[in-house]
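Undergrad: Before anything else, here's the structure in question.
The values are calculated or read from the model by the stated rules, or taken from the named source; none is laboratory data. In this text the structure is predicted, and so the values were computed from the model without any measurement. All Cβ positions, glycine included, derive from the backbone under ideal geometry; neighbour counts span all protein chains shown.
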Amino acid sequence: MASITRNPSSDTRQCGRARRGATSRMLVTAAFLLCLTACGDPPTPPEEAVRLWVQRGHDAVEQKDRRALVKMISPAYIDGRGYNRENIENMFRLYFLRQHNVALLTRIEELRIIGDSAAELVLMVGMAGRNDGVLGFSADAYRFEMELEFDGDDWLLIAARWGEIGGDLH
């Protein structure tokens with residue numbers, strides 16, 4: 001009876017190519033979705049600034065830049081869960097420690113500017129991360145309802161509610 005021998009290094013190379021292919025497809029999909037959300041009427045200056053704020057946050061998450069994210073949150077932040085800015089920073093810290101890398105797909109569902117100093121934002125976010133878990137990755141989709149205020153220099157998050165898409169917001 002003939003035996004079949006497998007080359008483990010060949011299997012490893014094929015697995016690596018498959019991962020790179022999946023990552024490339026995810027990045028192309030993200031770029032496409034971002035282009036779609038950019039379509040529409042030209043934004044007002046405050047609206048444009050809030051959209052840039054969202055993009056900065058998106059980039060900071062993918063770069064696992066906790067400090068940049070915390071700077072986007074008001075020192076007076078408080079939410080319905082009783083979390084303050086420090087609690088949110090600790091959530092980022094834990095998530096970034098668990099994930100080797102993070103990819104996001106973001107879509108602004110609603111953006112309402114109130115005067116020139118306040119904004120309400122509904123953001124849909126698909127998050128995927130590569131980790132040491134059983135499957136090697138995790139993926140979730142969330143809905144965020146955010147309140148921002150303009151402090152004279154930049155937009156800052158002052159409150160938020162979030163939950164898995166289709167679930168309750170807290």
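Undergrad: Under the condition of being surrounded by fewer than 17 Cβ atoms within 10 Å (Cβ to Cβ) and touching a residue at least 40 places away in the same chain (Cβ under 8 Å), which residue from the stretch 160-169 is nearest to A119 (Cα to Cα)?
TA: My answer is R161.
Undergrad: Oh, and also: Take the residues in the stretch 116-132 that are in contact with a Phe, Trp or Tyr (Cβ under 9 Å, 6 or more places away or on another chain) and farther than 20 Å from R161 by Cβ; name whichever of them is surrounded by the most Cβ atoms within 10 Å (Cβ to Cβ).
TA: Here the residue is G129.
Undergrad: Looking at the stretch 95-123 only, could you name the residues that are farther than 16 Å from L52 by Cα and in contact (Cβ under 8 Å) with a residue 24 or more places away in the chain?
TA: Passing the criteria: Y95, F96, R98, Q99, H100, N101, V102, A103.
Undergrad: Just to be sure I understand the filter: pairs with C-beta atoms under 7 Å, separated by 6 or more residues or on different chains, first member in the stretch 135-158 and crowded, with 18+ Cβ neighbours inside 10 Å and of a type in the set (A, V, I, L, M), second member part of a loop (DSSP other than H, G, I, E, B) and modelled with pLDDT of 95 or more. Which pairs pass?
TA: Qualifying pairs under 7 Å: L156/M72; L156/S74; L157/M72; L157/S74; L157/Y77; I158/S74; I158/A76; I158/Y77.
Undergrad: Kindly list the number of the only condition in (1) more than 13 Å from F144 (Cβ to Cβ); (2) touching a residue at least 24 places away in the same chain (Cβ under 8 Å) that fails for E89.
TA: Exception for E89: condition (2).
Undergrad: Quickly run through the stretch 80-104 and pick out the residues that are within 11 Å of A159 (Cα to Cα) and basic (K, R).
TA: Passing the criteria: R81, R85.
Undergrad: Could you tell me whether the stretch 36-43 includes any residue that is more than 14 Å from the chain's Cα centre (by Cα) and under 22 Å from E164 (Cα atoms)?
TA: Yes, the stretch 36-43 contains a residue that is more than 14 Å from the chain's Cα centre (by Cα) and under 22 Å from E164 (Cα atoms).
Undergrad: Restricting attention to the stretch 126-150, report how many residues are in contact with a strand residue (DSSP E or B) (Cβ under 6 Å, 6 or more places away or on another chain), within 18 Å of F96 (Cβ to Cβ) and charged (D, E, K, R).
TA: 2
Undergrad: While we're looking at this one, here's another question. Confirm whether G80 is modelled with pLDDT under 95, closer than 25 Å to L169 by Cβ and either touching a helix residue (DSSP H, G or I) at 6+ places or on another chain (Cβ under 6 Å) or not in a helix (DSSP H, G or I) (or both).
TA: Considered against the rule, which asks whether it is modelled with pLDDT under 95, closer than 25 Å to L169 by Cβ and either touching a helix residue (DSSP H, G or I) at 6+ places or on another chain (Cβ under 6 Å) or not in a helix (DSSP H, G or I) (or both), G80 comes out as yes.
Undergrad: Moving on. Cβ-Cβ under 6 Å, sequence separation 6+ or interchain: first residue in the stretch 64-83 and touching a residue at least 24 places away in the same chain (Cβ under 8 Å), partner of a type in the set (G, A, S) and not in a loop (DSSP other than H, G, I, E, B). Which pairs?
TA: Pairs that qualify, where the first residue is touching a residue at least 24 places away in the same chain (Cβ under 8 Å) and the partner is of a type in the set (G, A, S) and not in a loop (DSSP other than H, G, I, E, B), are M72/G57; D79/A159; D79/A160.
Undergrad: Taking into account only those residues within the stretch 91-113 that are over 19 Å from G163 (Cβ atoms) and out of contact with any strand residue (DSSP E or B) (no Cβ under 7 Å at 6 or more places or on another chain), which is surrounded by the most Cβ atoms within 10 Å (Cβ to Cβ)?
TA: Ranking the candidates gives F96 first.
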